[in-house]
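Any read-out appearing in this document is the output of simple, stated calculations on the displayed coordinates, not a laboratory observation. Here the structure is a predicted model, which means the values were calculated and not measured. Here Cβ is always computed from backbone atoms with ideal geometry, including for glycine, and neighbour counts include all displayed protein chains.
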Amino acid sequence: MKNIVIVGGGAGGAMLANRLPSDEFSVTLIDKEGYNYYLPWLLYTAFKGSRRNIKMDLQRLIKPGVKLIKSSATAINLNDRWVELSDGRRLGYDYLVIATGASVDYSKINGLRDVVAKYGSYYSTEDEALRVWRTLNSIKEGTIAIVVADPKHRCPPSPMEGAFLAEEFIRTRGLRDKVKIVFATPYPRPYPAEPMNEVVEPIMRERGIDIIDFFTVDYVEPDKQVIRSLEGDELKYDAAIIVPPHVGVGIKYGPEDVVDEDGFVLADKFTNKVKGFDDAFVIGDASALPVAKTGVTAHLQAGVVARILMGEDAKNTGRTNCPFDLGYGLGTFVIGDYYSPVVKYPPNKVNHLMKMAFASIYWDMIRHPELWDPIFDAFFEATNPSTLKGIYG
Ligand SMILES: Cc1cc2nc3c(=O)[nH]c(=O)nc-3n(C[C@H](O)[C@H](O)[C@H](O)COP(=O)(O)OP(=O)(O)OC[C@H]3O[C@@H](n4cnc5c(N)ncnc54)[C@H](O)[C@@H]3O)c2cc1C
C-alpha cells in the first residue's frame with residue numbers, strides 16, 4: 001500500500017482522493033475547514049443575490065476508505081517527508097499532494113481592507129460576496145468601479161464576468177443612465193489573452209462599460225473614494241469592487257525555495273512534481289505554474305497526478321476550459337493549452353447553460369469520477385483547442 005497524504009480538500013484535492021483505488025493506496029486527506037466550497041458560485045451570490053448552498057461536508061464527499069483529518073497543515077518538510085498539523089502532530093508519507101488553493105491578501109494594497117469591508121468582494125466568503133450584492137442594490141447614481149488589483153487571482157474571466165453582471169443588474173434596476181460601470185485592469189486590454197479579448201471587449205464596449213487599461217493599483221484612499229495607480233492615474237468611485245491579490249496559504253516549507261515570493265509552490269508543468277522532488281506534487285491554485293487558477297485546471301491536474309501515482313507516464317497539457325458569463329444569458333469558454341493559444345470561442349446561450357449545469361453536477365462529479373470521467377473526456381476531446389482553432393481562429 002502506498003501512503004498518500006493530500007493537503008487540501010478543495011476542487012483538486014477531493015477529486016484526487018476519490019480517484020485513488022483503495023486496494024493500492026492508503027489515502028489521508030487533511031483539510032482545515034472540513035468542507036468543500038464551490039467557489040465559482042460566489043459570482044452569483046455577489047451579482048445575482050443567490051443564496052444557493054456553496055459548501056459540502058467533506059466526509060460526505062469522499063469515498064469510504066479515505067481518512068479525513070480536519071486540521072490545518074502548518075509546515076511541510078519535503079526532505080524528511082512529513083506534514084505538521086496545527087496541534088503539533090506530524091504525519092509521514094510515501095507521496096504528498098499539495099492542494100491547498102490560494103488565499104486573498106488585502107494587506108498588499110493600502111486601503112483595500114476598508115474597501116472590501118464597505119463594498120464587499122466575491123473572492124473569499126459568502127458574507128463578503130453578499131456585501132457586493134447589497135452594494136449593487138443600494139447605489140442610485142455615480143460610478144461602480146470593478147478593478148483588477150493584481151494579475152495573480154483565481155479564475156481569469158471572473159473580473160470581467162463581474163463587470164458584465166453588474167451592468168446587467170444596474171440596467172434591470174432602470175439605473176443605467178445614472179450609474180457608470182468602469183472596468184480597470186493592469187493589462188493592456190480587458191481580457192489578458194488577446195484572442196479571447198477580441199471576442200469579449202467589443203461586447204463590453206457595446207454595453208457601455210468604460211475600460212481603463214494599464215491601471216496597476218498602487219493604493220486606495222477610502223475617505224476620498226479614489227484608487228491611485230502606479231502609472232499615476234486616479235479612479236474616482238462611488239462603489240469599488242476590487243479583485244484582490246492572491247497568495248499561497250502560508251505553510252512553512254522545507255526547503256524554503258520550493259515556493260515563489262507569493263508562497264505559490266514551484267513545480268514541473270507536465271507532471272506537477274514539486275521542484276526537486278519525485279515524491280511530492282502540487283495541483284490547482286496552490287501552484288506557481290503558468291496556468292489559469294481554475295477548478296477545471298485543478299480537475300485535470302488531479303487526473304494526471306492520479307495516473308502518475310498509479311504508475312502511468314501521464315503528462316499535463318496545460319488545458320483550460322473555463323466558462324465565461326457575459327450577462328443576459330450569454331456565455332463563452334476560455335479554451336487553450338500549452339500548445340495552442342486561447343481560441344476565439346463565440347458566445348451563445350448554450351455555453352451559459354453549461355456553466356449553470358456544471359454547478360449542479362459539481363459535487364456528484366467529485367464523488368463519482370468513474371461515472372463522469374467518460375463524459376468530461378468526450379467534452380474535452382470535442383473542444384480540443386487545436387481543432388477549435390481551425391474553426392474559430
Ligand atoms: C468568483 C470565482 C469564480 C470562479 N469561477 C470559476 C469557473 O467558472 N470555473 C472554474 O473552473 N473555476 C472557477 N473559479 C476558480 C476555482 O474555484 C478554483 O480555481 C478552484 O477552487 C481551485 O481548486 P483547488 O483545489 O486548487 O483549491 P480550493 O478549491 O481553494 O481548495 C483548497 C482547500 O485547501 C484547504 N486548505 C488551505 N490551506 C490549508 C492548510 N494549511 N491545511 C489544510 N487545508 C488547507 C482549504 O480549506 C480548501 O478546502 C472561480 C473562483 C472564484 C473565486
Please list, by residue number, every one of the trypsin sites (Lys or Arg not before Pro) in segment 37-122 that is coil in DSSP and has at most 13 other beta-carbon atoms within 10 Å.
R51, R52, R89
Net charge near K152 (other residues with Cβ under 11 Å of its Cβ; Lys, Arg +1; Asp, Glu -1) is -3
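Go ahead and estimate [θ] at 222 nm for the chain from helices alone: -39,500 (n - 2.57) per DSSP H run with n ≥ 4, summed, over the residue count, rounded to 500. Don't skip to the answer; put the middle values down first.
Details: 11 runs with 123 residues, N = 393.
Helix contribution divided over all residues of the chain: -9500 deg cm²/dmol.
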Under Stokes-Einstein, segment 40-100 at 25 °C and 0.890 mPa s, with its Kirkwood radius over C-alpha pairs, diffuses with a coefficient in µm²/s of 168 µm²/s
With unit charges on the beta carbon (Lys/Arg positive, Asp/Glu negative), name the residue among G111, F380, N351 whose Cα is farthest towards the positive pole of the charge dipole of the chain.
N351
Neighbour cut-off at most 10 other Cβ (10 Å), DSSP loop, trypsin sites (Lys or Arg not before Pro), segment 132-169:
K140
Counting only Cα, what are the radius of gyration and maximum Cα-Cα distance Dmax of segment 260-393, in Å?
15.6, 48
log₁₀ I(q)/I(0) of segment 319-393 at q = 0.21 Å⁻¹, via Debye over equal Cα point scatterers, no solvent, to two decimals?
-0.99
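I'd like the projected area of the chain, averaged over all directions, using the convex hull of its alpha carbons. Report it in nm² with one decimal. Walk me through the intermediate numbers first.
Details: hull surface 74.7 nm².
Averaging across all directions leaves 18.7 nm² for the Cα convex hull.
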Hey, which lysines would be in cross-link range of K344, C-alpha to C-alpha under 21 Å, not counting anything within fewer than 8 residues on its own chain?
K293, K355, K389
Of the trypsin sites (Lys or Arg not before Pro) in segment 192-271, those whose Cβ has at most 12 other Cβ within 10 Å and which sit in DSSP loop
K224
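Which three numbers, in whole Å and largest first, are the semi-axes of the equivalent ellipsoid of segment 286-329 derived from its Cα gyration tensor as √(5λ)? Before the final figure, lay out each step's value.
Working: eigenvalues 139, 24, 12 Å².
Those come to 26, 11, 8 Å.
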Students often forget the sequence filter, so: which aspartates and glutamates lie under 20 Å Cα-Cα from K269 once same-chain residues fewer than 8 apart are removed?
E256, D257, D260, E261, D278, D279, D285, E312, D313, D337
Kirkwood hydrodynamic radius, segment 1-81, all distinct C-alpha pairs: what's the number in Å?
13.9 Å
Other residues with Cβ under 13 Å from the Cβ of R19 give, with Lys and Arg +1 and Asp and Glu -1, a net charge of -1
Over all alpha-carbon pairs in segment 106-245, figure out the percentage whose distance exceeds 24 Å.
23 percent
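Strictly greater than 12 Å: what percent of every Cα pair in segment 140-185 meets that?
Values: 630 of 1035 pairs.
When every Cα pair of segment 140-185 is considered, 61 percent fall beyond 12 Å.
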Interchain or sequence-distant (5+) residues whose placed amide H lies within less than 5 Å of the amide H of S287 are V265
